[in-house]
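In what follows, a single structure is set out as structure tokens and then discussed.
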Amino acid sequence: MTDTEWGPAKVADILLTAQRTRTPRTSLQAEWSGLDLDVAYAAQDLALTDRKAKGENVVGVKLGLTSRAKQKQMGVDEPSVAWLTDAMALPAGLPVPRDTLIHPRAEPEIAFILGRPLAGPGVTAAQALAAVDWVVGAVEIIDSRYSGFKFTLADAVADNNSSGVYVTGPVARRVDSLDLGMEACLLEVDGDVVDSATGAAVLGHPAEALAFAANTLGARGHTLEAGWVVLTGGMTDAVAVEPGARVAAHFTSLGSISIAGG
């Protein structure tokens, strides 16, 4: 394609088609150098418009690249933000929907349930926490429309931060009852612990991720709404979810979540 054929709408269409057909592809930025973060976020918003037209409703946002190690790996110095819709919420007890995903991977996260709207710019971590009603544990099953999860930052943003589905845990706690930086999690696959981390792995404190989401979306004219779920980003590396496997996340104060691989 020529440069004139590219643009946010084309990028969104390519990735939505890859998602619906479960057909992975190579990096879009490798094909079109014009795919920068502004274009990627515009494509992300257009894809959301398409999802809403098909009946999906926005229920929150998700953060990506909140781990310093992942940022270093990707050669970036800030996280990214993407949309959550009700179609991405996986009810507890259901297996990973393998028929709609390409190559699912699981990562444990700390999630916030907002009690009031939060709008940037200028939101601090303390102000962000003041907007939170509840804290819950979560497991996000990420997926990518790129072969082998190989992509650039702009590729990932355009792909809605490798969104798949997510499950929230059974325990909800008030913010002031937790030390979120020290909240720990063990990630298990088939009963074996494969990784562990604390909330400090998420930008030093998950509230920093929430503030980043509010400020980044505020710069684009969006507000985080009361009742929304905010997934603050993977505490550990994501692990592949193989057919028949069982993945579990055990949090210090936020209970346990177990998901069958399907």
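Here are some notes:
- Residue match in the range 189-205 (condition: loosely packed, with under 15 Cβ neighbours inside 10 Å, in contact (Cβ under 8 Å) with a residue 60 or more places away in the chain and closer than 23 Å to ARG105 by Cα): no
- Within the range 106-146, being farther than 19 Å from ALA211 by Cβ, assigned to a strand (DSSP E or B) and under 12 Å from the mean Cα position of the chain (by Cα) holds for ALA106, GLU107, PRO108, VAL139, GLU140, ILE141, ILE142.
- Applying a threshold of 8 Å to beta carbon distances and a minimum spacing of six or more residues, or different chains, the list of pairs starting in the range 22-39 at a residue that is without any contact (Cβ under 8 Å) to a residue 60 or more places away in the chain and within 15 Å of LYS10 (Cβ to Cβ) and ending at one that is of a type in the set (A, V, I, L, M) and in a loop (DSSP other than H, G, I, E, B) reads GLU31/MET1; TRP32/MET1.
Let's see how each residue does on (1) within 14 Å of ASP155 (Cβ to Cβ); (2) in contact with a His (Cβ under 7 Å, 6 or more places away or on another chain); (3) assigned to a helix (DSSP H, G or I):
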| residue | (1), (2), (3) |
| --- | --- |
| ASP13 | no, no, yes |
| LEU48 | no, no, yes |
| GLY55 | no, no, no |
| VAL59 | no, no, no |
| LYS70 | no, no, yes |
| ALA82 | yes, no, no |
| PRO95 | no, no, no |
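- Condition check for GLU56: under 26 Å from PRO108 (Cβ atoms) and touching a strand residue (DSSP E or B) at 6+ places or on another chain (Cβ under 6 Å): yes
- Selection within the range 1-32 - more than 22 Å from ILE102 (Cβ to Cβ) and in contact with a helix residue (DSSP H, G or I) (Cβ under 9 Å, 6 or more places away or on another chain): MET1, TRP6, GLY7, PRO8, ALA9
- Residues of the range 90-145 that are of a type in the set (Asp, Glu) and farther than 15 Å from VAL229 by Cα: ASP99, GLU107, ASP143.
- With respect to (1) at pLDDT 95 or above; (2) out of contact with any helix residue (DSSP H, G or I) (no Cβ under 6 Å at 6 or more places or on another chain); (3) not in a loop (DSSP other than H, G, I, E, B), the lone exception for MET182 is condition (3).
- The residue pairs whose first member lies in the range 117-141 and is in contact (Cβ under 8 Å) with a residue 12 or more places away in the chain and within 21 Å of GLU183 (Cα to Cα), whose second member is part of a loop (DSSP other than H, G, I, E, B) and among the β-branched types (Val, Ile, Thr), and whose beta carbons are closer than 6 Å, counting only pairs six or more residues apart or on different chains, are ILE141/VAL96.
- In the range 41-84, residue surrounded by the fewest Cβ atoms within 10 Å (Cβ to Cβ) [restricted to those that are within 13 Å of the chain's Cα centre (by Cα) and over 20 Å from ARG145 (Cα atoms)]: VAL59
- Some residue of the range 163-186 being on the phi > 0 side of the Ramachandran plot and either buried (at least 21 other Cβ atoms within 10 Å of the Cβ) or of a type in the set (Phe, Trp, Tyr) (or both): no
- Failed condition for ASP237, given (1) among the acidic types (Asp, Glu); (2) modelled with pLDDT of 95 or more; (3) within 30 Å of ARG20 (Cβ to Cβ): (2)
- Filter result for THR23 (β-branched (Val, Ile, Thr), in a loop (DSSP other than H, G, I, E, B), surrounded by 16 or more Cβ atoms within 10 Å (Cβ to Cβ) and at negative phi): no
- Criterion applied to GLY227, GLY255, GLY233 was being under 19 Å from GLY137 (Cα atoms), loosely packed, with under 15 Cβ neighbours inside 10 Å and either of a type in the set (Asp, Glu) or in contact (Cβ under 8 Å) with a residue 60 or more places away in the chain (or both), and the one residue passing it is GLY227.
- Residue satisfying all of: in the range 76-107; free of Cβ contacts under 8 Å to residues at least 60 places away in the same chain and small (Gly, Ala, Ser); nearest to VAL239 (Cα to Cα) among these: GLY93
The values are calculated or read from the model by the stated rules, or taken from the named source; none is laboratory data. Quick caveat: nothing in here was measured; it's all calculated off a predicted structure. Quick reminder, even Gly has a Cβ in these numbers, built from the backbone with ideal geometry, and neighbours come from all protein chains shown.
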